[in-house]
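The values are calculated or read from the model by the stated rules, or taken from the named source; none is laboratory data. A quick note: this is a predicted structure, and the numbers were derived from the prediction, not measured. Ideal geometry is used to build each Cβ from the backbone, glycine not excepted, and the neighbour counts take in all protein chains shown. For accessibility, only protein heavy atoms count, side chains too; no ligands or nucleic acids. Shrake-Rupley method; radii C 1.70, N 1.55, O 1.52, S 1.80 Å.
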Amino acid sequence: MGNNYLAVKDREGESRALSPKFLKGKGRKCFGSLWRWTEVWFLLVTCPLRAAASDPLVRLQVVASGVWQPVFVTHAGDGSGRLFIVEQDGRILVFRDGQVLPRPFLDITARVESLGEKGLLGLAFHPSFRSNGRFFVNYTRSSAGLLQTVIAEYRASTINPDVADSSERVILEFGQPFENHNGGMIAFGPDGYLYIGSGDGGSAGDPFDNGQRTDTLLGKVLRIDVDRGTPYAIPLDNPFVDRPGARGEIWTYGLRNPWRFSFDRLTGRLLLGDVGQSAREEVDMIVRGSNYGWRIMEGSACFSPSSDCNRAGLLFPIAEYKNPDEGTAVIGGYVYRGLQETSLRGAYIFGDLSSSRIWSLVEAGPDTWKRKEILRTNFPISSFGEDEQGELYVVDYGGATGSIRRMMFGSTHAFPHVPDGGGYTTTFTFTNTSSFTSEATLDFFRLEGTPRQITLVGLSTGSSFPIQVPAGATRVLRTSGVTPGATSGMALLRSVPTMASAVTFRFSTAGQLRALATVLDAQFSSRFTIPVTTVAPAEIAVAIANPGDTDLNLRIALIRRDGAVIETADLPQLNPLPAKAQVALLVSQIGFKDAAALSDGSLVVFVQGVGEASVMALLLEDGLLSTMPVILTEANRMRTN
């Protein structure tokens, strides 16, 4: 039997030739693998694909509205599930059980000077807030006609946890020469110290060169110990502790207006959005003792002087964009580490105040970051926030109609070929495991990519079907199978939040079920292990898909039970596998010289170089199809000669 034909036996034992509908070849595009079995096209590859990282789906869900000029939202880390909303004029509100409580958690409007870039700007709960009730705020006030930044400590009431005591303990205060560039972010790091973002003092162009001076707290990230000292202590490993004339509180310097920063809850790295002057907006990876260049530089460009500036010793941003082309004020965000299924997990999410754009920032390699716009909103973004589970929120500044919106992430499941008619029906099962309604679209396409008319039982005939699945619910859709001849094509499910999906293919003739296969969500990885027990490899079909945007090169290995590599194959018949392409082949087609040696071990599919694939395996035995377990083993990528 040549490479262009496969064969299995039907239930009566008669051999049936399966000829590939599309084969990868010179100058031809690989659309998938569809075989003819008896008189109809039979789908061997039923592997649903998730969208690659280049195609994330994002929706914003309003969870709290009618708040006045909100500038921040965060959690207390106490297991209560509450969110705390900071209003610029001096109030902190509690969002609990789906509503904003009528009584503020804290109201210090009488102390706060609020207008423009002034106000109550930051909030941080002590790592031990659950037991000690301590939290800290960053606000501006007027003292003897002079503007000051104040870092103050408050405590939650021991009687009512949704209300704070009004007594204040000032931790740190310093003057602001102008009314803008006050920074405002405060956050506890993984080390338990309090980090403070301080602007350069304002005006324009940093007229006092505060960003480069180490004898002032302006234009810096500060780091202090609020658990020791009176009123605080300076950590001994701060970089300027022993430098004469320098302020020991300084952690990094050369910043213009670090409005928002955050710690990656997985890695502990500190990422910061530094608002630019009029040419560049930047995102920085904050490193102890580093100089980020302002006012010598704005982003990676010279500022003062405007050319031929001395860049020696300066740390460049990991990302930047032009002002005003893409926005005028960067809003630092968070690395997404939440529970939603999305290709954006591990990406840094940030935005811009005026352009209302939201981007993802992904580390593509050493000192290499890739920025991509993922959403464009219609409201001014003042901040991002994070809850206890790592889910992200976007703050709509919005004046009296400000709101807090949760980021809902989705994905695309691509079912490469959906057979219908001529004895075939396809059943889709979608389950929404989130706590929000999932909004989805199911689109059908012909093999050549044009819209395909499908009749779904109980619904109309069309090529695109909007679907809503309530939280915790399951929706089942089935093709009618009414056409006399079998047709096939692709179906795309786009859902936000992501839904779990399964597709079942049935083929019946004369009322008798002849074939049945169900496939669940496909997973992306760089290595997959397919356990094999007492089954000849020639009876196994492996389907491999490339969900990414670049070609993949793959290898398959035969592994004995003791871990010894029997043989590897480079798969010249499919490498490189093009972006968004899929291929299926029997193990007998791979060209192993010693395939018979595998009777109790595993097949391992792995990606060579950078990239991820989606893999499924089917067992073909006596005309029956069944799926085989595929184990993701990405951490230990196969290395062979």
Sorted by chain and number, the residues with a modelled amide H under 5 Å from that of Gly398, at a separation of 5 or more or across chains, are none
In the range 70-144, GluC sites (Glu not before Pro) in a DSSP loop with at most 14 other beta-carbon atoms within 10 Å: none
So for the range 421-519, averaging the separation of alpha carbon pairs under 8 Å that are six or more residues apart and normalising by length, what relative contact order in percent results? 43
Find how much the distance from Glu539 to Val482 grows on full extension, using 0.36 nm per residue of separation minus their present alpha carbon separation; answer in nm with one decimal. 17.3 nm
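Report the full-extension gain for the segment Ala510 to Ser306: residue separation times 0.36 nm, less the Cα-Cα distance, to one decimal in nm. The partial results should precede the final answer.
Numbers: separation 204, 0.36 × 204 = 73.44 nm, distance 8.13 nm.
Difference between extended and current length: 65.3 nm.
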Non-local amide H neighbours of Ile566 (under 5 Å, H modeled in plane, Pro and chain starts lacking H): which ones? Leu558, Ile559, Arg560
Under Karplus coefficients 6.51, -1.76 and 1.60, residue-wise ³J(HN,Hα) of the range 266-274 in Hz, glycine/proline x: 8, 9, x, 5, 9, 10, 9, x, 10
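Which length gain, in nm to one decimal place, applies between Thr427 and Ala471 when the Cα-Cα distance is subtracted from 0.36 nm times their residue separation?
On the way: separation 44, 0.36 × 44 = 15.84 nm, distance 2.10 nm.
Taking Thr427 through Ala471 to full extension adds about 13.7 nm, to one decimal.
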In nm, to one decimal, how far is the modelled label at Arg228 from the one at Leu339, with both set 7 Å along Cα→Cβ? 3.8
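What FRET efficiency comes out for the pair Gln99/Lys322, r = Cβ-Cβ distance, R0 = 51 Å, nearest 0.05?
Details: r = 41 Å, r/R0 = 0.81.
The value I calculate is 0.80.
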In the structure shown, of Lys322/Lys372; Lys220/Lys370; Lys118/Lys370, the pairs separated by more than 22 angstrom at the C-alpha atoms are Lys220/Lys370; Lys118/Lys370
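Is the C-alpha gyration tensor of the range 139-180 telling us rounded, prolate or oblate? Criteria: a/c under 1.5 is rounded; beyond that, a/b larger than b/c is prolate, otherwise oblate. Don't jump to the answer; show the numbers that get you there.
Details: a/c = 3.46, a/b = 3.11, b/c = 1.11.
It comes out prolate by the Cα gyration axes.
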For Thr252, the residues 5 or more places away or on another chain with a placed amide H closer than 5 Å to its own amide H are Val221, Gly289
Under the Karplus curve 6.51 cos²θ - 1.76 cosθ + 1.60, θ = phi - 60°, whole-Hz ³J(HN,Hα) for the range 420-432, x wherever Gly or Pro sits: 7, x, x, x, 9, 9, 10, 10, 9, 10, 10, 10, 9
Of every hundred units of 1.4 Å-probe accessible area on the range 236-284, the number belonging to carbon and sulfur atoms, as a percent, is 49
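Please identify every one of the trypsin sites (Lys or Arg not before Pro) in the range 164-238 that sits in a loop by DSSP and has no more than 11 other beta carbons within 10 Å of its own beta carbon.
In loop regions of the range 164-238 (DSSP not H, G, I, E or B), the sparsely surrounded trypsin sites (Lys or Arg not before Pro) are Arg228.
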Distance between modelled label sites at Leu619 and Lys370, nm, 7 Å Cα→Cβ extension: 3.8
Where a label projected 7 Å from the Cα of Arg243 along Cα→Cβ would reach, residues of the range 300-331 with amide N under 13 Å: 313-315
Can you run phi through the Karplus equation (6.51, -1.76, 1.60; θ = phi - 60°) for the range 107-120 and list ³J(HN,Hα) in whole Hz, with x for Gly and Pro? 9, 10, 4, 5, 9, 8, 8, 10, 4, x, 9, 9, x, 7
Starting from the Cα of Ile159, step 7 Å along the direction of its Cβ; do the same at Ser435; then give the gap between the two resulting points in nm. 3.0
For the range 294-403, which trypsin sites (Lys or Arg not before Pro) are both in a DSSP coil and crowded by at most 14 other Cβ atoms within 10 Å? Arg311
Give me the aspartates and glutamates in straight-line cross-link reach of Lys593: C-alpha distance below 17 Å, same-chain residues under 8 apart excluded. Glu539, Glu567, Asp570
Given a 1.4 angstrom probe, I'd like the percentage of the accessible area of the range 321-441 that is carbon and sulfur, rounded to a whole number. 49
